[in-house]
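S.K.: Would you mind keeping the following structure in view while I ask a few things?
Read the figures in this text as sums done on the coordinates, not as results from a lab. None of the values given here were measured: they were computed from a predicted structure. Note that we place each Cβ from the backbone using ideal geometry, even for glycine, and neighbour counts take in every protein chain shown.
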Amino acid sequence: MPRSAPAPLVWVRKLCLSLPETSERLSHGAPTFFVRGQKSFVTYMDDHHGDGRLALWCACPPGMRDGLVKANSERYFVPPYVGYLGWIGVRLDRRVDWDEIERVIRDAYVAVAPKKLAVFARS
């Protein structure tokens with residue numbers, strides 16, 4: 001059952017929407033963040049199909065996901081549906097390091113944003 005306290009979503013929304021030319025809308029029933037309204041880079045998942053996880057599904061730079069999952073499988077996982085595209089899942093229902101989440105969100109943005117926008121997210 002989805003959680004009633006959206007506190008993590010407030011932080012995720014703040015981080016995602018602070019990046020250039022981003023927007024939010026529901027996609028498949030979940031809050032999803034887009035670059036220029038077209039390419040998604042983060043989806044906020046709360047108990048997706050009863051999996052019991054509060055997590056982000058994020059675009060991931062090539063070659064990064066497998067190392068993160070292998071190094072910390074309690075925090076990172078390969079999400080269904082988008083995992084084959086190289087996306088990574090990040091659990092928010094464990095102790096959350098918001099600096100780490102910010103880095104993951106920035107990396108997700110850079111992975112899909114046009115180069116002219118991505119340069120602003122690297123700072």
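S.K.: So what are the ³J(HN,Hα) numbers for segment 30-41, from phi and the Karplus equation (6.51, -1.76, 1.60; θ = phi - 60°), rounded to whole Hz, Gly and Pro as x?
M.R.: Result, ordered by residue: 10, x, 9, 10, 10, 9, 6, x, 10, 9, 6, 10 Hz.
S.K.: Using the Karplus curve 6.51 cos²θ - 1.76 cosθ + 1.60 with θ = phi - 60°, work out ³J(HN,Hα) for each residue of segment 90-103 in order, rounded to whole Hz, and write x for Gly and Pro.
M.R.: Couplings: 10, 6, 10, 9, 10, 4, 9, 9, 5, 5, 5, 4, 4, 5 Hz.
S.K.: Return the calculated 222 nm mean residue ellipticity for the chain, to the nearest 500 deg cm²/dmol, obtained by summing -39500 (n - 2.57) across DSSP H runs with n ≥ 4 and dividing by the residue count. It would help to have the intermediate numbers written out before the result.
M.R.: Working: 4 runs with 40 residues, N = 123.
Here the helix-only value at 222 nm equals -9500 deg cm²/dmol.
S.K.: Along the principal axes of its C-alpha atoms, what lengths does segment 23-123 span, in descending order and rounded to whole Å?
M.R.: Reported extents, whole Å, longest axis first: 37, 30, 26.
S.K.: May I ask you to list the lysines whose Cα is less than 28 Å away from that of LYS14, ignoring any residue fewer than eight positions away on the same chain?
M.R.: LYS14 reaches LYS39, LYS115, LYS116.
S.K.: Starting at the first residue of segment 113-120, write each ³J(HN,Hα) from the Karplus equation 6.51 cos²θ - 1.76 cosθ + 1.60 with θ = phi - 60°, in whole Hz, x for Gly and Pro.
M.R.: Whole-Hz 3J(HN,Hα) from phi for segment 113-120: 6, x, 3, 5, 8, 4, 4, 6.
S.K.: Placing +1 at every Lys and Arg Cβ and -1 at every Asp and Glu Cβ, with all other atoms neutral, what dipole size does segment 32-123 have around its Cα centre, in debye to the nearest 20?
M.R.: Result for segment 32-123 is approximately 460 debye, rounded to the nearest 20.
S.K.: Scan around ARG53 for amide H atoms under 5 Å from its own, H built in the peptide plane at 1.01 Å from N, and keep only partners 5 or more places away or cross-chain.
M.R.: Those lying under 5 Å, H to H, from ARG53 are ASP47, HIS48.
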